[in-house]
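Engineer: Could you have a look at this structure, given as C-alpha cells, before my questions?
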Amino acid sequence: MTVEGQRAGVGVTTVVFDLDGTLVDSDAALIEPFLRLGIRRDEIELGRLLEDECDRLGVRVEDYLALYEPEAVEPFAGVSDVLGHLGRWAVASHKVRALGVRELDRLGWSPEVAFFAEDFGGRAKHLEPVLAALGVPAREVVFVGDTAHDRTCAREAGAVFALAGWNPRVEAAPGDLVLATPADLLDLGVGLLAG
C-alpha cells in the first residue's frame, strides 16, 4: 500500500518511531560486539531484546555493552530533515536506555517521549505505555518500524503501521503502508507538521 492509498481518513497527529533500523542505520554497530565476542555473523539475530539475544548466544550483556560503540550509528538519509518538520513524535525501542539516550543526544534529537527496553516492564516493546505517556489515542498514531515485531506492536495497539522502506533489509507484508523515504511521512497529513 502506498502513502497516497492510505492518506485519506488516517487522521494521524503523532509519529512513534522504532530506533534501530528505522531512524538510525545501526546494524553494523549492533553486530560488531557479538563478532568481537566470538559469535559468527550467521548466528546473530537483529530486532530482539538485547538480554534475550545475549542469553541465546551465551554472552553476558555487560560484555556486549562494553564493546558497543554508539558513535558508529548514523541516521538514515533524510531522517533528520523530517524530524525537524514533525509536530509530535516519540521513540519506542528495544535498545538499552543508556545507549538509546546517548544516541539521541549525539544526534540532537528530542522526541516528546522516548521508551527503551527497561521501560516496558520486562516485556518486549509494546505501544500502550508510549501512547499513554503521549496522551494520544492509537487511531491518531502511525508507528514506523522495520521488523515484523514492530508491525505487530502497531496492530495490537490499534495504530497505523508504516514500514521504513528506506532500510534495504526490510520485508513488506500484505497490507503494509511502505514509506520509500522518510519524507513520505509528511504526505500522511497536515496534523503531523510542526506548527
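The values are calculated or read from the model by the stated rules, or taken from the named source; none is laboratory data. In this text, all values refer to a predicted model and were calculated from it rather than measured experimentally. For neighbour counting, all protein chains shown are included, and Cβ atoms are generated from backbone atoms with ideal geometry for every residue, glycine included.
Engineer: Look through R106, R102 and report the one residue that is surrounded by 14 or more Cβ atoms within 10 Å (Cβ to Cβ) and within 22 Å of E74 (Cβ to Cβ). Break it down into steps so the answer makes sense when it comes.
Structural biologist: Details: R106 fails: surrounded by 14 or more Cβ atoms within 10 Å (Cβ to Cβ).
Sole residue among the options that is surrounded by 14 or more Cβ atoms within 10 Å (Cβ to Cβ) and within 22 Å of E74 (Cβ to Cβ): R102.
Engineer: Another question, if that's okay. Has region 62-77 got any residue that is modelled with pLDDT under 95, closer than 20 Å to H149 by Cα and not aliphatic (A, V, I, L, M)?
Structural biologist: No, region 62-77 contains no residue that is modelled with pLDDT under 95, closer than 20 Å to H149 by Cα and not aliphatic (A, V, I, L, M).
Engineer: So, P137, is that one within 15 Å of V12 (Cα to Cα) and free of Cβ contacts under 8 Å to residues at least 60 places away in the same chain or not?
Structural biologist: Details: within 15 Å of V12 (Cα to Cα): yes; free of Cβ contacts under 8 Å to residues at least 60 places away in the same chain: yes.
Judged against the criteria, P137 is a match.
Rundown of residues vs (1) over 24 Å from V130 (Cα atoms); (2) assigned by TED's automatic domain parsing to the domain that holds A154; (3) surrounded by 14 or more Cβ atoms within 10 Å (Cβ to Cβ); (4) acidic (D, E), yes/no style:
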| residue | (1), (2), (3), (4) |
| --- | --- |
| L46 | no, no, yes, no |
| L49 | no, no, yes, no |
| G58 | yes, no, no, no |
| L65 | yes, no, yes, no |
| A77 | yes, yes, no, no |
| D81 | no, yes, no, yes |
| L86 | no, yes, yes, no |
| W89 | no, yes, yes, no |
| V96 | no, yes, yes, no |
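Engineer: Then there's this: Given A157, A114, A133, which one is more than 15 Å from G175 (Cβ to Cβ), at pLDDT 95 or above, among the small types (G, A, S) and in contact with a helix residue (DSSP H, G or I) (Cβ under 6 Å, 6 or more places away or on another chain)? Full working, then the answer.
Structural biologist: Details: A114 fails: in contact with a helix residue (DSSP H, G or I) (Cβ under 6 Å, 6 or more places away or on another chain); A133 fails: in contact with a helix residue (DSSP H, G or I) (Cβ under 6 Å, 6 or more places away or on another chain).
Exactly one of A157, A114, A133 is more than 15 Å from G175 (Cβ to Cβ), at pLDDT 95 or above, among the small types (G, A, S) and in contact with a helix residue (DSSP H, G or I) (Cβ under 6 Å, 6 or more places away or on another chain), namely A157.
Engineer: For region 91-106, does any single residue satisfy the condition of being hydroxyl-bearing (S, T, Y) and closer than 29 Å to A159 by Cβ? Spell out the reasoning first.
Structural biologist: Let us first name the residues in region 91-106 that are hydroxyl-bearing (S, T, Y), namely 93.
Cutting the leftovers down to closer than 29 Å to A159 by Cβ gives us 93.
Yes: region 91-106 contains one or more residues that are hydroxyl-bearing (S, T, Y) and closer than 29 Å to A159 by Cβ.
Engineer: Has region 178-185 got any residue that is without any contact (Cβ under 8 Å) to a residue 60 or more places away in the chain and either under 22 Å from R88 (Cβ atoms) or more than 14 Å from the chain's Cα centre (by Cα) (or both)? Spell out the reasoning first.
Structural biologist: Going residue by residue through region 178-185, those that are without any contact (Cβ under 8 Å) to a residue 60 or more places away in the chain are 180.
Restricting the remaining residues to those that are either under 22 Å from R88 (Cβ atoms) or more than 14 Å from the chain's Cα centre (by Cα) (or both) gives 180.
Yes, region 178-185 contains a residue that is without any contact (Cβ under 8 Å) to a residue 60 or more places away in the chain and either under 22 Å from R88 (Cβ atoms) or more than 14 Å from the chain's Cα centre (by Cα) (or both).
Engineer: Please enumerate the residues belonging to region 120-129 that are surrounded by fewer than 19 Cβ atoms within 10 Å (Cβ to Cβ) and either under 14 Å from the mean Cα position of the chain (by Cα) or at pLDDT 95 or above (or both).
Structural biologist: Listed by number, the residues that qualify are A124, H126, E128, P129.
Engineer: Only one of these is β-branched (V, I, T) and touching a Ser or Thr at 6+ places or on another chain (Cβ under 6 Å): V170, V144, V178. Name it. Talk me through it step by step, then tell me what you get.
Structural biologist: On the way: V170 fails: touching a Ser or Thr at 6+ places or on another chain (Cβ under 6 Å); V178 fails: touching a Ser or Thr at 6+ places or on another chain (Cβ under 6 Å).
Criteria check complete, one pass: V144.
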